[in-house]
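Data block below; observations after.
A short reminder: the numbers here are calculations on the coordinates, not readings from a lab. Small disclaimer: the values here were computed from a predicted structure and weren't measured. Cβ placement follows ideal geometry from the backbone for every residue including glycine, while neighbour counts extend to all protein chains displayed.
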Amino acid sequence: MLWQTMMTFLISTPSRVAKSMPLFLKQLSSKPAWLCWLILGLGVWAAATMGAVTMTGQDWLAPLQQDGEPLSGSAYVLWHLRLPRILFAVLVGGALALSGALTQGLFRNPLADPGLLGVTSGAACAAALTIVLLSGSGIEIPSALRYWLLPATAFAGAVTVCFILDSVARWLTADSIAGLLLTGIALNALAAAVIGLCTYLATDEQLRNLSFWTLGSLAGANWTLTGVLLLALIMVFCYLRRLTHVMNALALGEAAAAHVGVNVRALRIRVIMLVALLCGFAVAWCGMIGFIGLVAPHIVRLLIGPDQRRLAPLAMLVGAILLLLADTAARTIAIPAEIPVGIFTALLGAPFFLVLLARMRRGV
Amino acid sequence: MSSLNNLPVQLLALNRATVLLGKRQFGPFTLSIRPGEQVAILGPSGAGKSTLLKLLARELAVAGGQAEFEQRSLHEWPLPELSRRRALLPQSHEVAFGLPVELVIGLGRVARTLDPHLNNIVQQAAEHACAQHLLGRRFDTLSGGEKARVHMARVFAQLWDAEQGLLLVDEPLAALDPGLQFELMDAMKTFASQRGHAIVSILHDINQALQSFGRLILIKHGSLVGDYQTAHVTLPLLEALYEVRLSSAMTDEGQMIVAPSLKQTLAA
C-alpha cells in the first residue's frame with residue numbers, strides 16, 4: 001500500500017507539474033501573495049547587504065564584469081556565501097511552513113506542528129545515529145554520498161515518527177489534540193535521549209556536528225543544496241493542487257470525508273510522506289529549526305482564512321520571510337560570531353504557541 | 001432518462017449482512033431498498049440504528065453476508081464513484097478550522113476532478129436547504145440549526161446532478177425546533193423526489209416517520225425485527241419495539257399519530 005502510493009506519486013508527478021502550472025502562478029500572484037513577495041524581496045536585499053563584510057553595488061555586478069576570473073573579496077562573499085545562504089533560508093522556511101500547514105490539515109488542528117509532534121526530532125535522531133554509528137564503525141563515506149545519506153536517514157526517521165503519531169491519533173479518541181501533543185512530548189523525549197546518547201558516544205568532531213542538529217543552523221548552505229531544494233519544492237508544490245483541495249475535506253472528519261468520496265487512508269499516507277520528505281530534507285541540511293511550521297500557517301490563516309488551497313502556497317511565502325529574518329538576525333546580531341537560528345525561531349515561536357493555546361481556550 | 005428501463009430493481013441490498021463492533025455482532029440484516037423509496041429506521045436507543053446506517057454507507061465493513069449497491073458489492077465501488085451515487089447526512093457535526101460555508105457545501109463535490117458548475121450548484125443547493133443567507137459566513141460561527149442546513153446543502157450539492165441515487169440520513173433534525181424540522185424535511189423530500197433518490201433515514205420521532213415515510217424498518221437488540229409499509233404498522237408493533245405503552249389518535253387527514261400513554265405507564 002505504502003509502496004504503491006510512493007510509486008504512483010513518483011510516476012504521476014511530471015505530468016502533474018505540466019498540468020498545474022497556471023494554478024501555480026495564480027496562487028502565487030494573488031494580492032496577499034504580492035505583498036509577501038514584496039516583503040521577501042526587500043528582505044533578501046536587506047539580508048544581502050547586512051553582515052560582517054560590507055557590500056557595494058559593484059559586487060552585485062561582479063560575475064558579469066569579471067571575464068572568467070574567479071570572484072574575490074566582498075564579491076566572493078556575496079555570491080558564494082551570502083546569496084546561497086539567503087536563498088537557502090527562503091526555501092527551507094517555505095518547506096518548514098508547508099510541512100506545518102500539511103500537518104495541521106492532517107490532524108485537523110492548528111496546534112499540530114512537526115516540531116512539537118516530534119517529527120523533526122525523529123529526523124534529527126536518525127541523522128545523529130547515522131553520524132555517530134557510521135564514523136564509529138569506520139566506514140568511509142564519499143562526501144558526495146554524504147549529502148544524500150543524511151537526508152535519506154532523516155526522512156526515514158521522520159516517516160517513522162509520522163506513522164507512530166498517525167496510529168496513535170486514530171487509537172486515541174477522535175480529534176484529541178491533547179493526546180497527540182502528549183505523544184509528541186514522549187517522542188521528543190525519546191529522540192532527545194537518543195541524541196544525548198549519541199553526544200555521549202561522539203568524538204569531538206562529531207560533537208560539533210551534533211550540536212548543529214539540535215540547535216539548527218543554515219551555515220551549511222551552498223548553491224547545490226539550494227538548487228536541489230528549489231526543484232523539490234516546485235515538484236511538491238505542483239502536486240499540492242489536488243491534494244490541498246481534498247485535504248479540505250478532512251476538516252469534515254474522516255468518516256464524512258470518506259462519504260464525499262475521499263480515500264482517506266491513501267490521502268493520509270500521501271500527506272505523511274510529503275511532511276516527512278520536507279522535514280527530512282530541512283533537518284538533514286539545517287538541523288532542527290522549530291516553530292516556523294506552526295507560526296507561518298497560522299499567520300496566513302488569520303489573513304486569508306483556512307482554505308488549504310490558498311493557505312499552503314501563502315504559508316510557504318510567509319515561512320520563507322520568517323526564516324530569512326530569523327537567519328539574518330542570527331548572522332548579524334553578534335558579528336563576527338553566529339548564533340544558531342533555531343534559538344531565534346524558538347525564542348519567537350514559543351511565546352506565539354502559548355498565545356495560540358490561550359486563544360484556543362477562549363474558543364476564538 | 002432513456003436508461004430508466006434498465007435501472008436496477010434494487011438500489012441497495014443486504015443479504016444476511018453482519019457487522020462486528022468490538023465483540024458485539026449486529027445483524028444479520030436482510031433487506032433491500034428500491035430506487036426512490038423513502039424509508040425510516042426506527043428503534044430504541046442503542047438498538048443498532050446507526051450501525052445499520054454505517055453499514056449501508058460503507059463506513060463499517062461487512063463481517064459476514066453481502067452488501068450490494070446497484071448489483072455491485074459495496075466494497076468494490078471506488079469511493080469517488082460511490083460518492084456521486086450516495087450521500088450521508090450526519091447527525092450533527094463540527095468542521096475544523098472554521099471553513100467558510102460555501103467551501104463546506106462545495107466539499108460535497110470534492111471527488112469530482114472537473115466540476116465547471118460548482119459555484120452554481122453550491123448556490124442552488126444552499127437555496128434549496130434554506131441556507132443561502134449563510135453563504136459567506138464561517139461555519140464555526142453558526143448555530144446548531146444553521147449548521148444542519150449547511151450540511152444538508154452539502155449533501156444536496158453532492159447528489160445535485162445524480163439521479164436515482166441514495167440519501168442516507170442520521171437523525172438529521174433531532175435538535176431543531178419544529179418549524180425548521182418541517183421545513184428541512186420537506187426540502188429533503190422534494191430534493192429526493194425530483195431526482196428519484198431513495199431516502200433511508202434514522203428517526204427518533206415516530207410521528208414524523210409515520211407521516212413522511214412510506215416504509216418503516218424496525219431495529220431492536222442489534223437486529224431487524226420488522227420491515228413494513230407504513231400503512232401496515234400497528235400500535236402494538238410500535239409498543240413492542242420501544243417497550244412502552246402508546247396511545248394513538250387519527251389526524252384530520254386520516255393519519256395515525258402516537259404518544260406515550262402516561263396513565264398506563266404509571267399503572268404498570
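Taking a straight line from the alpha carbon of B:LYS147, these aspartates and glutamates sit under 13 Å away, with near neighbours fewer than eight places off in the same chain left out: B:GLU94, B:GLU102. Volume of the convex hull of the stretch A:75-128 (Cα atoms only), normalised per residue: 82 Å³.
Note on A:ALA193 and A:LEU231: with the Förster distance fixed at 30 Å, the Cβ-Cβ geometry gives a FRET efficiency of about 0.25. Coupling constants for the stretch B:89-102 follow from the phi torsions by the Karplus curve (6.51 cos²θ - 1.76 cosθ + 1.60, θ = phi - 60°), and in residue order they are 9, x, 4, 7, 6, 8, 10, 5, 6, x, 5, x, 4, 5 Hz; glycine and proline get x.
Which residues in the stretch B:182-205 have a backbone N closer than 17 Å to a point placed 7 Å from the Cα of B:ARG34 along the Cα-to-Cβ line? So the set is B:193, B:196-200.
Across every pair of non-identical alpha carbons in the protein assembly as shown, the mean reciprocal distance, once inverted, gives a Kirkwood radius of 27.5 Å. Over the Cα atoms of the stretch A:309-364, the radius of gyration divided by the Kirkwood radius equals 1.11; this is the Rg/Rh ratio. Here the calculated FRET efficiency for B:VAL9 and B:THR141, from their Cβ-Cβ distance with R0 = 45 Å, stands at 0.45, rounded to the nearest 0.05. Does the stretch B:36-175 come out rounded, prolate or oblate, given a ≥ b ≥ c as the square roots of the eigenvalues of its C-alpha gyration tensor, rounded meaning a/c under 1.5 and, failing that, prolate meaning a/b above b/c? Oblate shape, in that a/c is at least 1.5 and b/c is the bigger or equal ratio.
Sorting A:GLU205, B:GLU127 from the fewest to the most surrounding beta carbons within 10 angstrom yields A:GLU205, B:GLU127.
The alpha-carbon atoms of the stretch B:61-140 define a convex hull whose volume equals 137 cubic angstrom per residue. Principal axis extents of the C-alpha atoms in the stretch A:178-268 (largest first, rounded to whole Å): 56, 38, 17. Take every DSSP beta bridge whose two residues both sit in chain B; close to 60 percent of them are antiparallel.
Legend: calculated FRET efficiency, B:HIS133 to A:LEU302, from the Cβ-Cβ distance at R0 = 30 Å, rounded to 0.05, equals 0.70. For the options B:THR251, B:THR51, B:THR141, a Gaussian network treatment of chain B with springs between C-alpha atoms closer than 10 Å singles out B:THR251 as fluctuating the most. All Cα-Cα separations within the stretch A:259-336 were binned at 5 Å from zero, giving a P(r) of 3, 13, 16, 21, 19, 14, 7, 4, 2, 1, 1, 0, each value a whole percent of the pairs. Three principal axis extents of chain B based on alpha-carbon atoms, in descending order, are 61, 41, 40 Å. According to the calculation over all Cα-Cα pairs in the stretch B:2-92, the P(r) per 5 Å bin from zero is 3, 12, 23, 25, 21, 10, 4, 1, 1, 0 %. Summarising the label geometry, the points placed 7 Å from Cα in the beta-carbon direction at A:THR203 and B:SER248 lie 9.1 nm from one another. Only Cα pairs under 8 Å and 6+ residues apart enter the sum, and on that basis the relative contact order of the stretch A:272-364 stands at 31 percent.
Put in line by how crowded their Cβ is, counting other Cβ atoms within 10 Å and starting with the fewest, B:ASP252, A:ASP113, A:ASP59, B:ASP205 read B:ASP252, B:ASP205, A:ASP59, A:ASP113.
Restricting attention to the protein assembly as shown, close to 60% of DSSP beta bridges with both partner residues there are antiparallel. Spin-label model, A:ALA52 to A:TYR76: label points 7 Å out along the Cα-to-beta-carbon direction sit 1.4 nm apart. Measuring between alpha carbons in the structure, the pairs from B:LYS23/B:LYS220; B:LYS189/B:LYS220; B:LYS54/B:LYS220 lying more than 20 angstrom apart are B:LYS189/B:LYS220.
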